[in-house]
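Written out below as C-alpha coordinates is the structure these notes cover.
The values are calculated or read from the model by the stated rules, or taken from the named source; none is laboratory data. Predicted, not measured: the structure shown is a model, and the values here were computed from it. Every residue, glycine as well, gets a Cβ built from its backbone with ideal geometry; the counts of neighbours run over all protein chains shown.
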Amino acid sequence: MAQSNGPHTNCSTPCNRSDPLAYVFEHSLTGPLTRLRGTTVRTNIQTGGVEETRIFGLIEEAKITRKTFDGRMLDLEITLSDWVYR
(Lines give C-alpha, C1' and ligand atoms only; values in the text may rest on other atoms or scores of the structure.)
Protein backbone atom coordinates (compact mmCIF):
# COMPACT_ATOMS: atom_id res chain seq x y z
CA MET A 1 0.00 0.00 0.00
CA ALA A 2 1.39 3.38 -0.99
CA GLN A 3 1.91 5.88 1.78
CA SER A 4 0.42 9.34 1.52
CA ASN A 5 2.31 12.30 2.85
CA GLY A 6 0.27 14.27 5.33
CA PRO A 7 0.75 17.85 6.42
CA HIS A 8 4.37 18.93 6.70
CA THR A 9 4.94 21.62 9.31
CA ASN A 10 8.12 23.53 10.03
CA CYS A 11 8.78 25.11 13.40
CA SER A 12 8.56 28.82 12.64
CA THR A 13 10.48 29.93 15.72
CA PRO A 14 13.65 28.43 17.13
CA CYS A 15 12.78 25.79 19.74
CA ASN A 16 15.72 25.40 22.08
CA ARG A 17 16.44 24.22 25.57
CA SER A 18 17.03 27.78 26.79
CA ASP A 19 13.38 28.59 26.00
CA PRO A 20 11.42 26.40 28.46
CA LEU A 21 8.08 26.85 26.67
CA ALA A 22 9.48 25.80 23.28
CA TYR A 23 11.31 22.86 24.86
CA VAL A 24 8.15 21.67 26.63
CA PHE A 25 6.10 22.12 23.44
CA GLU A 26 8.48 19.98 21.39
CA HIS A 27 8.75 17.24 23.98
CA SER A 28 5.03 17.28 24.68
CA LEU A 29 4.50 16.17 21.06
CA THR A 30 6.28 12.84 21.42
CA GLY A 31 3.76 11.27 23.82
CA PRO A 32 0.59 12.10 21.85
CA LEU A 33 2.25 11.18 18.53
CA THR A 34 3.34 7.85 20.00
CA ARG A 35 -0.21 7.15 21.19
CA LEU A 36 -1.67 8.10 17.80
CA ARG A 37 0.85 5.84 16.08
CA GLY A 38 -0.28 2.99 18.34
CA THR A 39 -4.00 3.58 17.79
CA THR A 40 -5.54 0.79 15.71
CA VAL A 41 -8.72 1.18 13.66
CA ARG A 42 -10.73 -1.77 12.36
CA THR A 43 -13.38 -1.38 9.69
CA ASN A 44 -15.60 -3.88 7.94
CA ILE A 45 -17.57 -3.02 4.82
CA GLN A 46 -20.11 -5.35 3.20
CA THR A 47 -20.98 -4.86 -0.45
CA GLY A 48 -22.41 -7.31 -2.96
CA GLY A 49 -22.27 -10.25 -0.54
CA VAL A 50 -18.57 -9.70 0.20
CA GLU A 51 -17.18 -8.35 3.46
CA GLU A 52 -13.82 -6.57 3.59
CA THR A 53 -12.12 -6.02 6.95
CA ARG A 54 -9.23 -3.55 7.22
CA ILE A 55 -6.99 -2.98 10.25
CA PHE A 56 -4.68 0.03 10.24
CA GLY A 57 -3.28 2.92 12.27
CA LEU A 58 -4.29 6.58 12.08
CA ILE A 59 -0.76 7.71 11.31
CA GLU A 60 1.96 5.78 9.53
CA GLU A 61 4.91 7.74 10.89
CA ALA A 62 5.88 10.87 12.80
CA LYS A 63 9.32 12.46 12.69
CA ILE A 64 10.72 15.35 14.73
CA THR A 65 14.07 16.69 13.56
CA ARG A 66 16.08 18.89 15.89
CA LYS A 67 19.59 20.19 16.41
CA THR A 68 21.55 18.08 18.88
CA PHE A 69 23.67 20.91 20.27
CA ASP A 70 20.81 23.22 21.30
CA GLY A 71 17.64 21.16 20.89
CA ARG A 72 16.14 23.56 18.34
CA MET A 73 13.29 21.86 16.47
CA LEU A 74 13.84 22.10 12.73
CA ASP A 75 10.99 20.04 11.35
CA LEU A 76 7.87 18.07 12.24
CA GLU A 77 6.63 15.57 9.68
CA ILE A 78 3.54 13.38 10.06
CA THR A 79 2.59 10.74 7.49
CA LEU A 80 -1.13 9.98 7.72
CA SER A 81 -2.75 6.67 6.87
CA ASP A 82 -4.32 6.40 3.40
CA TRP A 83 -7.68 5.88 5.14
CA VAL A 84 -7.66 9.49 6.37
CA TYR A 85 -7.82 10.69 2.75
CA ARG A 86 -10.84 8.59 1.82
task = Could you check how many residues of the range 43-61 are acidic (Asp, Glu), surrounded by 10 or more Cβ atoms within 10 Å (Cβ to Cβ) and more than 12 Å from the chain's Cα centre (by Cα)?
result = 0
ask   = So which residues in the range 42-72 are in contact with a strand residue (DSSP E or B) (Cβ under 6 Å, 6 or more places away or on another chain), under 12 Å from Trp83 (Cα atoms) and aliphatic (A, V, I, L, M)?
value = Ile55, Ile59
key: Candidate set from the range 9-42 (those that are part of a strand (DSSP E or B) and loosely packed, with under 11 Cβ neighbours inside 10 Å); member that is modelled with the lowest pLDDT   = Thr9
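Considering only residues that are of a type in the set (S, T, N, Q) and part of a strand (DSSP E or B), look in the range 51-68 and name the one that is modelled with the highest pLDDT.
Thr53
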query = Has the range 69-78 got any residue that is touching a Phe, Trp or Tyr at 6+ places or on another chain (Cβ under 9 Å) and assigned to a strand (DSSP E or B)?
reply = yes
Selection from the range 62-80 of residues that are within 14 Å of Leu29 (Cβ to Cβ) and either buried (at least 16 other Cβ atoms within 10 Å of the Cβ) or of a type outside the set (S, T, N, Q) (or both) = Ala62, Lys63, Ile64, Arg66, Gly71, Met73, Leu74, Asp75, Leu76, Glu77, Ile78
